[in-house]
Amino acid sequence: MGRYFGTDGIRGRFGEDPMTEAFAFLLAEALARFLQSKSSSESPAIVLGRDTRASGLLLERALQKGFEEARLSVIFLGVVPTPAVAMGVLHHSASMGIVLTASHNPASDNGIKLFNHRGEKFSLADEAEIEAGIDYLLAEGGIEYPTHDPDSLPSIEYTGADFYQRALLAQFPPENFQGLKGMKIVLDCANGATYETAPRILGATGAELVLIGVNPDGENINRGLGSECPHLLAKTVLAEGAALGIAHDGDGDRLVVCDERGSIVDGDALLGLFALSALRRQSLAEKTLVVTVQSNFGLDRAVLEAGGRIERVAVGDRNVAERMRAIGAHLGGESSGHILFTEVCPTGDGLLAALFLLQTLQSEGRSLSELQAEIQPFPQVTENLLVQEKIPIENLPDLQKAIRVVEAELAGSGRLLIRYSGTESKLRILIESESEAHAHQLMQIIVTEACNSLPIL
């Protein structure tokens, strides 16, 4: 069976398989069959949005043609942040949401993200079923994309995402931000999907916005700015004497922040200050923050000392969301800046996180650098070993013994993460400890035994 979905939808260089108009047309048929097998509605509706890439228009038309032939109705939102599509599914009572985006990737790439009828990312099982449907269509000879008649489709009427703006402003009424009037904030929209919504919504707080990356041309998304390149953000914060800077990625589902000193504040620090503030207010659901195995142990230490608890899951905001739902937690995310407030939105939302940050700054009455100082990251040491064969770690008794020794040494004061790469022939080892020298000593124990136990290249 073909494997089309990665960790966050289907993604690739536009014009190369699978990111082509012909594949999008075929995917529409596969999705139509999937929906018709799952939905009780006679005519399941689909909500479709995209970021600012020029290729998004071509993929949008291909999907439009495919869904038209399958007799499915589509609500076209136009250029909107990814979380607006997730919320749009709920707003329109749709059966599915689709976002055409490659997130933080360059304009030459594009991708397709899917949301179910609850506005949640599709499960692995659902993705596998869709992949099987694609393979079935291909085995039957595929479906020819009618490229010879590109103008046969009706014009698209975009509905926009005013509902998204209303939902956020209802959650964060402008009158609650009186303390932010005149505060200077640098906002970098990466020439991506937030270029209209973020200035409009953050501007409603009364803050004075200095805007970067709000002039998309179809090709400049993420080019030298945004959450992947926050250096311009930090430079502008210092030049403008701003209180903070906020940078989104291309599709707006995450953010990176810098404080008034121009220092970058990553997702771990943001999650920590959100959790600590909520614990002080006794409002952190289940007293639990859900993070991935990539988050620094310094976050654990800060949350535990404040009376909360940490739950860790595999990398991927989908895994975070699933665990949050399972235990009733409402706050979680990744160090990359994917932050979920599931009481408001079922998926990661960079703009929502920015509003929560501004609310936290106002309620705490402290600067971002002061709040960030409460989360002190542990020194981190990493090694990547090339291996000939990925022998299951549990089948290596001597390495298991070394792992137990190191974990006992780190108990309560650090952590060990050892795993194989999902995409490369590598054994990845990470150790965090209160002392960098101590982390290096423990790393030598693990590396030595790994080299003795595994066929190393």
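The values are calculated or read from the model by the stated rules, or taken from the named source; none is laboratory data. Quick caveat, the model's predicted, so the values are computed rather than measured. Counting neighbours? That spans all protein chains shown, and the Cβs are built from the backbone with ideal geometry, glycine included.
Taking the conditions (1) over 25 Å from the mean Cα position of the chain (by Cα); (2) under 30 Å from D8 (Cα atoms) in turn, L396 satisfies each one other than (2).
Tell me, yes or no, whether segment 233-256 has at least one residue that is closer than 30 Å to S413 by Cα, hydrophobic (A, V, I, L, M, F, W, C) and part of a helix (DSSP H, G or I). No, every residue in segment 233-256 fails to be closer than 30 Å to S413 by Cα, hydrophobic (A, V, I, L, M, F, W, C) and part of a helix (DSSP H, G or I).
Residues that are surrounded by fewer than 17 Cβ atoms within 10 Å (Cβ to Cβ) and of a type in the set (D, E) within segment 295-310 comprise just one, E305. Checking the stated criteria, E322 turns out to be surrounded by fewer than 20 Cβ atoms within 10 Å (Cβ to Cβ) and either within 16 Å of the chain's Cα centre (by Cα) or not assigned by TED's automatic domain parsing to the domain that holds S227 (or both).
Filtering segment 218-238 for residues that are acidic (D, E) and either modelled with pLDDT under 95 or outside the structural domain of A354 (by TED's automatic domain parsing) (or both) leaves a non-empty set. The number of residues in segment 263-303 that are in a loop (DSSP other than H, G, I, E, B) and under 14 Å from S369 (Cα atoms) comes to 2.
The condition of being closer than 19 Å to V89 by Cα and among the basic types (K, R) does not hold for K184.
Among the residues making up segment 6-31, a single one is hydroxyl-bearing (S, T, Y) and more than 16 Å from R53 (Cα to Cα): T7.
Sub-7 Å Cβ pairs linking a first residue in segment 6-18 that is without any contact (Cβ under 8 Å) to a residue 40 or more places away in the chain and on the phi < 0 side of the Ramachandran plot to a second residue that is of a type outside the set (D, E, K, R) and crowded, with 19+ Cβ neighbours inside 10 Å, at least 6 apart or interchain, are D17/F23; P18/Y4; P18/I10; P18/G12, ordered by first then second residue.
Of everything in segment 391-433 that is at pLDDT 95 or above and in a loop (DSSP other than H, G, I, E, B), the residue that is farthest from V315 (Cα to Cα) is L396. Scanning segment 332-341 for residues that are under 24 Å from M96 (Cβ atoms) and surrounded by fewer than 22 Cβ atoms within 10 Å (Cβ to Cβ) yields one hit, F341.
A single member of A329, A354, A439 is part of a loop (DSSP other than H, G, I, E, B), crowded, with 17+ Cβ neighbours inside 10 Å and at pLDDT 95 or above, and it is A329.
Of the candidates I130, I143, the single residue that is in contact with a Leu (Cβ under 7 Å, 6 or more places away or on another chain), assigned to a loop (DSSP other than H, G, I, E, B), hydrophobic (A, V, I, L, M, F, W, C) and assigned by TED's automatic domain parsing to the domain that holds E29 is I143. Check segment 403-414 and report whether any residue there is surrounded by fewer than 15 Cβ atoms within 10 Å (Cβ to Cβ) and among the charged types (D, E, K, R). There is at least one residue in segment 403-414 that is surrounded by fewer than 15 Cβ atoms within 10 Å (Cβ to Cβ) and among the charged types (D, E, K, R).
Candidates are the residues of segment 310-326 that are touching a Ser or Thr at 6+ places or on another chain (Cβ under 7 Å) and not in a helix (DSSP H, G or I); the one that is nearest to G226 (Cα to Cα) is G316.
Inspect all residues belonging to segment 47-54 and state whether any of them is assigned to a helix (DSSP H, G or I) and closer than 23 Å to G250 by Cα. Steps first, please.
From segment 47-54, those assigned to a helix (DSSP H, G or I) are 54; that's our starting set.
Cutting the leftovers down to closer than 23 Å to G250 by Cα gives us 54.
Looking for residues that are assigned to a helix (DSSP H, G or I) and closer than 23 Å to G250 by Cα, one finds at least one in segment 47-54, hence yes.
Among residues of segment 290-319 that are on the phi > 0 side of the Ramachandran plot, those with a beta-carbon under 8 Å from a residue that is crowded, with 20+ Cβ neighbours inside 10 Å and polar (S, T, N, Q) at least six positions away or on a different chain give the pairs G316/T292. Restricting attention to segment 55-71, the residues that are outside any loop (DSSP other than H, G, I, E, B), of a type in the set (K, R) and surrounded by fewer than 19 Cβ atoms within 10 Å (Cβ to Cβ) add up to 1. Go through S155, S123 for me and flag whichever is modelled with pLDDT under 95, closer than 28 Å to T7 by Cα and surrounded by fewer than 13 Cβ atoms within 10 Å (Cβ to Cβ). Only one candidate passes the filter, namely S123.
May I ask you to verify whether E260 is more than 26 Å from Y164 (Cβ to Cβ), charged (D, E, K, R), more than 19 Å from the chain's Cα centre (by Cα) and in a loop (DSSP other than H, G, I, E, B)? Considered against the rule, which asks whether it is more than 26 Å from Y164 (Cβ to Cβ), charged (D, E, K, R), more than 19 Å from the chain's Cα centre (by Cα) and in a loop (DSSP other than H, G, I, E, B), E260 comes out as yes. Cβ-Cβ distance below 6 Å, separation of 6 or more or different chains: which pairs start in segment 86-114 with a residue that is surrounded by 24 or more Cβ atoms within 10 Å (Cβ to Cβ) and end on one that is among the aromatic types (F, W, Y)? Once the first residue is surrounded by 24 or more Cβ atoms within 10 Å (Cβ to Cβ) and sits in segment 86-114, its partners that are among the aromatic types (F, W, Y) give A86/F115; M87/Y164; V89/F115; G97/F115; N110/F14.
Determine, yes or no, whether V210 is touching a strand residue (DSSP E or B) at 6+ places or on another chain (Cβ under 6 Å), surrounded by fewer than 24 Cβ atoms within 10 Å (Cβ to Cβ), part of a strand (DSSP E or B) and β-branched (V, I, T). Spell out how you get there, then give the answer.
Numbers: touching a strand residue (DSSP E or B) at 6+ places or on another chain (Cβ under 6 Å): yes; surrounded by fewer than 24 Cβ atoms within 10 Å (Cβ to Cβ): yes; part of a strand (DSSP E or B): yes; β-branched (V, I, T): yes.
So V210 passes the test.
Kindly evaluate V186 against the criterion of being surrounded by 20 or more Cβ atoms within 10 Å (Cβ to Cβ) and in contact with a Ser or Thr (Cβ under 6 Å, 6 or more places away or on another chain). Taking the combined requirement at face value, the residue satisfies it. A193 meets all of the listed conditions (1) under 19 Å from the mean Cα position of the chain (by Cα); (2) of a type outside the set (S, T, N, Q); (3) at pLDDT below 95 but one, namely (3). Just one of A198, A170 is part of a helix (DSSP H, G or I), under 25 Å from the mean Cα position of the chain (by Cα), loosely packed, with under 15 Cβ neighbours inside 10 Å and on the phi < 0 side of the Ramachandran plot; which is it? Only one candidate passes the filter, namely A170.
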